Amino acid sequence: MPMKSLPLFFVSFLGLAAIATQAASQEQAGTQSPEPGQAEAIDAQREEVARARRTFSGFRLDLEEKQEVYRALRALGYASEDLDVPAFLLRKSTILAVTEFQRTIGAVATGFLTKDQIEALRGAATRSNPEAQDPVQKARLAFETQNLSCQDQRVVYRALFARGHTTRRTAFPDFLSDEYVIAGVTEFQKGIGEEATGYLTRKQVKSLQADAGKSYLWEHRTCDPDMMLFPLNKWIAAGFAESDKQVVFDKLHSDGFVTGNKLFSSYSDQDNKIAAGLFQASIGAEQTGYLTSKQADGILHGWLLPSPKERWIALAVPGEQKKQLYRALLDLGHLKDVIPIVDFTFNKDLIRAVRRYQDASSFPTTGYLTRSQVDLLLAHEIKPVPADKEQAKKRWSNPVMSRRYADYSERELTILYQALYNKGFFLEETVNTDLTHPELVKRIRKYQESIVANPTGYLSHLQIVGLLADHGNSLSPEQIKKRSTGLLGKKTLQVQPSARSDWEKLAFSLVEKQKIYRALYHLGLAKTPEMITDFSYRMNLIEVVRAYQEQNGFEATGFLTSEQAGKLLSIKAPLLPSEQQEAFLSVFGRAAVLGFFRDLGKQEFGISNPITTIAMRLQNRFELTAHGYITPELFEKAKTVPLQVIRDTRRPQTLYFDAEELPLVKDWGLWRSKDASACETSTYSIHEDGFTGSAVPAGVALKRNTDGKDTPFKITVRLRNWKPASIASLRVGGRSYLFKEAFGRTMLVGPDGYRLRNHQRNYAELIKSAVLASGFEIAYETEFGSKAFVSFSALGLAKQIRALSDTC
């Protein structure tokens, strides 16, 4: 009987590796390929057949599984009978069907299926049964049968990238299992109004191939994603430049995988092998110590680097070391509570503590420790626990929080109490070393507020060391009584008219009053971040002055004397948050900054107003003082949150009112005014690099008026937060065109910023270059001082220009 050819989808499912393995087994067993006409003879040795029968019997397939396997044999043409209960052990026709199947795939023909063969047939049964498949499975199977080559897949992916459906640069797109690529395909299918399965049809593949354009440099790799980059010449053979190798290891170094400070000349160097192995462990790959072509490509373009959380998990820090890390963070004052926990992966308190530590140490605030940070914390010297019998017998008001003071002797706790007593924060002369007592916790908070520290109520190691080194001078009972009134704040304020009169006679200027208020705010006494200068009648400001006087041992009148005002004026206090905001807005532009925070608020919290609420929520997130004003510090922190660009429904960019939308061609829309006096074709950017401070994409529009005389088209560029009067550069077809915005219009200019004399010819060359290219890029400077690069697709531009000419 002639051998049947297997359907393509079945061969791909079984896999060439499995067939090769089975063929090797056949060769080792000494079996020969059957001659035509010998299909009814089982050509394996009798003992081997008996062993295969016993093995198959041991699988104990249920009825449904047997039916699946038999259905596949029928679908592939090896069995013809319609059996409700297939008998694989006893029925001759079924055994012969299995035999023929095994011969076809090059396996030993025993007549009884192996486990791998059963799994392959069950998979084929599902694929061959349309009723058992959902639309996604059908689409996946149809895509597999297209059998696209490596280069074909790169061309298709290039078109998706150019259209903006993907932003990842990769030479190894995986259309079958990579969720990112499947999401890009899904977005493309939704955009053209077809069923969004995530797998391309033949028609869609051809359409994308036709629009792909020229290849990108990052595509130039060999087609073997698993090619091991060892020895060194393999990097060049795989399509990488010499500089690419250095960039790959620089990125591994910055992510904490490379422990050295440079890339060694030999890739076989042990440090480099360890780095590659650690990286492979973090992404769940085989730890060979040598990168593959796909891994190097992923590192080079940033899409395969693990997240901070994945890197922390890959470190596999032992439990005992996690306890040491916890104690170090506690000792450094980055933990507010002292409940012993070591879940650094998911516990929110520990993640926040790590962020505080990273921020204080000028590391990126990811919330997850790197290897170098772990080593630094493990090296932190924690004060040893003394053998103190009195401490051991002590009964604490809060036994859990007492852990904060467990490393200090009774004598040291006594000195701590006396130091805070001498500074006027503890009021009782009798020493109480139970620093977890609720009343003492309240007063410790007051002390922490006075030194501008986090008011937890429990002293950190650094605060304890400072107090032990500086006991302070003892205060008189009268001073302690006055300070007690200020700390407890329970006395009713009584205004002395003579004190007010004396204050007003000093006649301080507005600028001096502003400096005094800044000093009071800086000392933590004034709580309002807006400027207040009415020291004569503003009651809450009078209370602030009285608190200052009580804290410094002066008579608490609520009105400053010349001496007291002089001391406050000598303090070099920073601007108030409200003043910092105004100064900041004047530098970068109110509209640009507020627009950025509105977009960020909409993305992170679902609100775009009020700005103060958005600022306070961000300040709480970044562990900053939550006053609701935008400061340079908050702005720098906020910039670390990736702002997602929203490419929503297309709108015209120059025809704002009464515009009629005409058919869309690929990435370019077309609009016509109601009175048919003007038409526009425009597009959004498909990718942004650099900080633009806007969730709105950049745009380019070509406009034509029916009465146009000078030039048939006018180019308008909409760049988000474009710095006024600055020159932007548009690069297309190997040439750069300079332009700037003036009086609401975009003009082509020379390097000096003046309009070109031959601007009409330059306009024509620019449009011609854009039509011939698959895309173009614009580089410009934002109002924030950052460099931004926005990419546009030119797919569909040629057709829309023709339509533009025909319509207007």
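Stretched out fully, how many nm does the piece from S570 to K768 gain, at 0.36 nm a residue minus the Cα gap? Mind dumping the intermediate values first?
Working: separation 198, 0.36 × 198 = 71.28 nm, distance 6.68 nm.
Value of the extension gain: 64.6 nm.
Plugging the Kirkwood radius over Cα pairs into Stokes-Einstein for segment 574-705, at a temperature of 37 °C and a viscosity of 0.692 mPa s, what D comes out in µm²/s?
Translational diffusion coefficient: 193 µm²/s.
Length gain on complete extension for the stretch N432 to F691, per 0.36 nm per residue less the alpha carbon to alpha carbon distance?
Value of the extension gain: 87.7 nm.
Any idea of W312's accessible area? Nearest 10 Å², probe 1.4 Å.
10 Å²
How much net charge surrounds E310 when only the other residues with a Cβ under 14 Å from the Cβ of E310 are counted, with Lys and Arg +1 and Asp and Glu -1?
That sum, taken over residues with Cβ under 14 Å, equals +2.
Please list, short to long, the whole-number percent of alpha-carbon pairs of segment 493-596 in consecutive 5 angstrom bins beginning at zero.
2, 13, 22, 23, 16, 9, 6, 5, 4, 1, 0
Report the FRET efficiency, 1/(1 + (r/R0)^6), for R755 and A241, where r is their Cβ-Cβ distance and R0 is 41 Å, rounded to 0.05.
Efficiency computed from Cβ-Cβ geometry: 0.50.
Sorted by packing (mean other beta-carbon atoms within 10 Å per residue), highest first, where do 218-228, 611-621 land? Show your work: numbers first, answer last.
On the way: 218-228: 15.6, 611-621: 18.2.
Ranking, from highest mean packing down: 611-621, 218-228.
If you find the alpha carbon centre of segment 685-706 and of segment 88-109, how far apart are they in angstrom?
Computed from Cα coordinates, the inter-centre distance equals 64 Å.
Which order do the peptides 203-212, 108-117 take when ranked by the mean count of other beta-carbon atoms within 10 Å per residue, highest first? Write out the running numbers ahead of the final one.
On the way: 203-212: 15.8, 108-117: 20.6.
By packing density, highest mean first, the sequence is 108-117, 203-212.
Can you figure out the FRET efficiency of Q209 with L462, using R₀ = 45 Å and their beta-carbon distance, to the nearest 0.05?
0.10
Roughly how much of E144 is accessible, in Å² to the nearest 10, using a 1.4 Å probe?
Its heavy atoms expose roughly 40 Å² to the probe.
Please state the charge dipole magnitude for segment 136-253, taken about the Cα centre, from unit charges on C-beta atoms (+1 on K and R, -1 on D and E), reported in debye and rounded to the nearest 20.
Around 280 debye, computed over segment 136-253.
Based only on Cα atoms, what Rg/Rh ratio does segment 574-626 have, Rh being taken as Kirkwood's radius? It would help to have the intermediate numbers written out before the result.
Numbers: Rg = 11.3 Å, Rh = 11.5 Å.
Result: Rg/Rh = 0.98.
For D534 and F346, compute 0.36 nm times the residue count separating them, minus their Cα-Cα distance, and round to one decimal in nm.
In short, 62.7 nm is gained.
Quick check: from the Cα gyration tensor, does segment 39-107 come out rounded (a/c under 1.5), prolate or oblate?
Verdict is oblate for segment 39-107.
Report the label-to-label distance for S372 and K92 in nanometres (one decimal), using points 7 Å from each Cα along the Cα→Cβ vector.
7.7 nm
Obtain the nm distance between the two label points defined at K527 and V641 by a simple spin-label model: each point lies 7 Å from its Cα along the Cα-to-C-beta direction.
With each label placed 7 Å out from Cα toward Cβ, I get 2.6 nm.
Would you mind computing, in nm to one decimal, how far apart the modelled labels at A742 and T807 are, each placed 7 Å from Cα along Cα→Cβ?
Roughly 3.1 nm, to one decimal.
Would you give the gap between the C-alpha center of segment 128-205 and the C-alpha center of segment 212-252, rounded to a whole Å?
25 Å
Using a Förster distance of 30 angstrom, determine the FRET efficiency expected from the C-beta separation of R202 and L664, and round it to 0.05. If you can, show how the numbers build up before the last one.
Numbers: r = 23 Å, r/R0 = 0.77.
E(calc), rounded to 0.05, equals 0.85.
Taking segment 526-565 as the region of interest, what is the percent of Cα-Cα pairs per 10 angstrom bin, listed from the shortest bin to the one with the maximum distance?
Once binned at 10 Å, the Cα pair distances of segment 526-565 give 33, 55, 13.
From the P(r) of segment 651-808, can you give the percent of Cα pairs sitting at distances over 26 Å?
23 percent
The values are calculated or read from the model by the stated rules, or taken from the named source; none is laboratory data. Keep in mind that this is a model prediction, so the values were computed, not measured. Every residue, glycine as well, gets a Cβ built from its backbone with ideal geometry; the counts of neighbours run over all protein chains shown. Each accessible area value is taken on the protein alone, full model and side chains, heavy atoms only, with ligands, DNA and RNA left out. Shrake-Rupley method; radii C 1.70, N 1.55, O 1.52, S 1.80 Å.
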